[in-house]
1. Using the alpha carbons of region 166-266, what is the convex hull volume per residue in cubic angstrom, as a whole number?
2. Going by how many other beta carbons lie within 10 Å of each one, how would you line up Ile157, Ile241, fewest first?
3. Name the trypsin sites (Lys or Arg not before Pro) in region 23-111 that are in a loop by DSSP and that have at most 10 other C-beta atoms within 10 Å, would you?
4. Build a GNM of the chain with springs between Cα atoms under 10 Å: which of Leu202, Leu242, Leu34 gets the top mean-square fluctuation?
5. Search the structure for amide H atoms under 5 Å from the amide H of Val124, placed 1.01 Å from N in the peptide plane, and list their residues when 5 or more places away or on another chain.
6. Compute the long axis of helix 5-17 from its Cα atoms, compare it with the longest principal axis of the Cα atoms of the chain, and write down the angle in degrees, 0 to 90, nearest 10.
7. Would you work out the charge dipole size for region 166-266 about its Cα centre, treating the Cβ of every Lys and Arg as +1 and the Cβ of every Asp and Glu as -1, and quote it to the nearest 20 debye?
8. Would you mind ranking Ser197, Ser104 by Cβ crowding within 10 Å, fewest neighbours first?
Amino acid sequence: MNITLRQLRAFVAVAEAGQFTQAARNLHVTQSALSMLIRELESQTGLRLFDRHTRKVVLSEPGQELLGTARRVLAEVEEAVRHSKELTSHQRGRVSIASGTVLSSSLLIPFIALFQQRYPGIRVELLDMAEQDISRRLEQEPIDFGLGTDWNRPDTIEAHPVMQDQYQALLPHHHPLTAKAQIRWHDLAAHPFIALSSHSPLGQAIQRQLTTLDIRFPQVHEVSLHTTVLSMVRHGLGLAILPANTQSLPEAAQIIFRPLKAPVLPRQVSLLQLRQRSLAPAATLFRSELLAHIKRQHSGG
């Protein structure tokens, strides 16, 4: 059985008009074309749908039973078409993005607020998590993107570099090293150090550089959260190393950030996406707007 939407529309139009002439006018087709559609539908269903009288047609009993179903099918198709148009015109949709806590707070949350002002019908779901979990979650869950470093990335995940950050030294407000505009990595060695956990990609990257430079501290506090690092530095319990974008967090108030040199160590941030995952219109728009936002921020625009 191959019933078409044109046949159902013709059937409903005749049932509602009670005659072929008016129904043909309503559908903007010829009466012969309309009659053909009704004959095709009756042939497909094996039912006589109308009783023909001299001046009008009346639904047969099977036709009365089919009418409700035909109306529901056409209404559902119209709803699907309307929904599709809303998706393609960005009137509605859903986007999900996973990120570590610092990038979520410093970059994504301000951007999402701007994005939702422009596109209130698109729901954005932000999943903040440990950075080392992003790739695994992208593989296992229907998440559109991840934002983080290209760390231990499996082949199933593609990375699009979006920005470079720089590692900086974090100092208590009255620390002697704040007198320097830039700080050498070895300048930190004489002071207590607050380290991010070695389970995090960021903590591992910093520790690799410290090991390469053979830097040892008199005391090391290892913690899991950026907020704990910032609080400990603010209270004078030691120095720390974190990316420059940490400076935009409210918890970083009263902490002095200084660029590190000898060497300057960049940190590449990428937009991560499962290779086989296609993007809905809302996610494609979000990606484009996010990349443009990051470009403006880092070009001073």
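Read-outs throughout are calculated quantities, based only on the coordinates presented, and are distinct from any laboratory measurement. The model shown is predicted, which means the values in this text are computed figures rather than measured ones. A quick note on method: Cβ atoms are made from the backbone with ideal geometry, for glycine too, and the neighbour counts reach across all protein chains shown.
1. Per residue, the Cα convex hull of region 166-266 comes to 86 Å³.
2. Ranked by crowding around the Cβ, least crowded first: Ile157, Ile241.
3. Arg55
4. Looking only at Leu202, Leu242, Leu34, the biggest GNM fluctuation is shown by Leu34.
5. Amide H neighbours of Val124, under 5 Å, 5+ apart: Val95.
6. 50
7. With Lys and Arg at +1 and Asp and Glu at -1, about 220 debye.
8. If I rank by nearby Cβ atoms, fewest first, I get Ser197, Ser104.
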